[in-house]
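Asks: First the structure, which I've put down as structure tokens, then a few questions once you've had a look.
The values are calculated or read from the model by the stated rules, or taken from the named source; none is laboratory data. Being a predicted model, the structure only gives us computed values, none of them experimental. Here the Cβ positions follow ideal geometry from the backbone for every residue, glycine too, while neighbour counts run over all protein chains shown. Side chains included, ligands, DNA and RNA excluded: accessible areas come from the protein's heavy atoms. Shrake-Rupley method; radii C 1.70, N 1.55, O 1.52, S 1.80 Å.
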Amino acid sequence: MKEILLIPYLDRETANLMVEKGIYYNPQLSQSAPEALEAIFGPKESFNKAKARVTQRAMAKTVQILKEVPALLETTTFGVDIVTSTPANALRTRDHEMWFSAKNFENAATLKSMTSIGGKLAALTGKWNPYPDGQLGVIQEGAYADILIVDGNPLEDITVLGANEKRVEAPERKAGKIETVRLIVKDGKVYKNTLE
């Protein structure tokens, strides 16, 4: 029986083919951050840390390929692998992924991957589309108009949306508890309002 090796990074040929075919991509790249290994496994060497180092190098290669094939960023969505994580660690991972993405691909590309690109992908899911009855990304009657009002400009400083350079060492916070996010409206319902 022939073995198949799945390598978790792109080569330029695959990236170009993905652009040509309009493939959506969700790489979850913060695992390639140099500090990730020490933060997760500590300073001591182990079999799992050695395996993670191989993946880390592969993911660093993916970051480089995405910089060399920027058209693929137009179909790259934001996401994190937090299935088995605690709620606090899930938020830390997401916040670090946001920071890592902005550091490597600029804030505007990161914001697009978190919003409009994900919305376009959702629209392609047919009966599984969670937003079948209205437009996304516009503020008008009948649209799914989620609104955030933030102290600061996330195009200049991604941390105003909770992005954090730290991962494991980041302080614990609860969902929706980002002081710079002053108003959160989802599906017409106000979830947070500290503007008054």
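Asks: If we scan region 121-131, do we find a residue that is out of contact with any Cys (no Cβ under 6 Å at 6 or more places or on another chain), assigned to a strand (DSSP E or B) and open to solvent by 50 Å² or more (accessible area, probe 1.4 Å)? Break it down into steps so the answer makes sense when it comes.
Replies: Taking region 121-131 first, the residues out of contact with any Cys (no Cβ under 6 Å at 6 or more places or on another chain) are 121-131.
Now restrict to residues that are assigned to a strand (DSSP E or B): none.
No: region 121-131 contains no residue that is out of contact with any Cys (no Cβ under 6 Å at 6 or more places or on another chain), assigned to a strand (DSSP E or B) and open to solvent by 50 Å² or more (accessible area, probe 1.4 Å).
Asks: Residues of region 58-82 being among the hydrophobic types (A, V, I, L, M, F, W, C), over 21 Å from Lys166 (Cα atoms) and open to solvent by 50 Å² or more (accessible area, probe 1.4 Å), which ones? Steps first, answer last, please.
Replies: Quick first cut of region 58-82, residues among the hydrophobic types (A, V, I, L, M, F, W, C) only: 58-60, 63, 65-66, 69, 71-73, 78, 80, 82.
Pick out the ones that are also over 21 Å from Lys166 (Cα atoms) and you get 58, 65-66, 69, 71-73.
Once the filter is applied, which keeps residues that are among the hydrophobic types (A, V, I, L, M, F, W, C), over 21 Å from Lys166 (Cα atoms) and open to solvent by 50 Å² or more (accessible area, probe 1.4 Å), region 58-82 yields only Ala71.
Asks: Note down all Cβ pairs under 7 Å where the first residue falls in region 103-120 and is over 13 Å from Asp157 (Cβ atoms), the second is among the aliphatic types (A, V, I, L, M), and they're at least six residues apart or on different chains.
Replies: Sorted first by the residue in region 103-120, then by its partner, the pairs are Asn104/Val63; Phe105/Leu66; Phe105/Leu73; Ala109/Leu73; Gly119/Leu136.
Asks: Quick check on this structure: which one of Leu155, Leu161, Leu148 is in contact (Cβ under 8 Å) with a residue 12 or more places away in the chain, in contact with a helix residue (DSSP H, G or I) (Cβ under 9 Å, 6 or more places away or on another chain) and exposed (fewer than 14 other Cβ atoms within 10 Å of the Cβ)?
Replies: Every option except Leu155 fails the conditions.
Asks: Let me ask something additional. Scan Lys189, Lys166 and give me the residue that is open to solvent by 50 Å² or more (accessible area, probe 1.4 Å) and touching a His at 6+ places or on another chain (Cβ under 9 Å).
Replies: That would be Lys166, the only listed residue that is open to solvent by 50 Å² or more (accessible area, probe 1.4 Å) and touching a His at 6+ places or on another chain (Cβ under 9 Å).
Asks: Among the residues that make up region 43-57, is at least one of them farther than 19 Å from Met98 by Cα, surrounded by fewer than 16 Cβ atoms within 10 Å (Cβ to Cβ) and modelled with pLDDT under 75?
Replies: No, the conditions are met nowhere in region 43-57.
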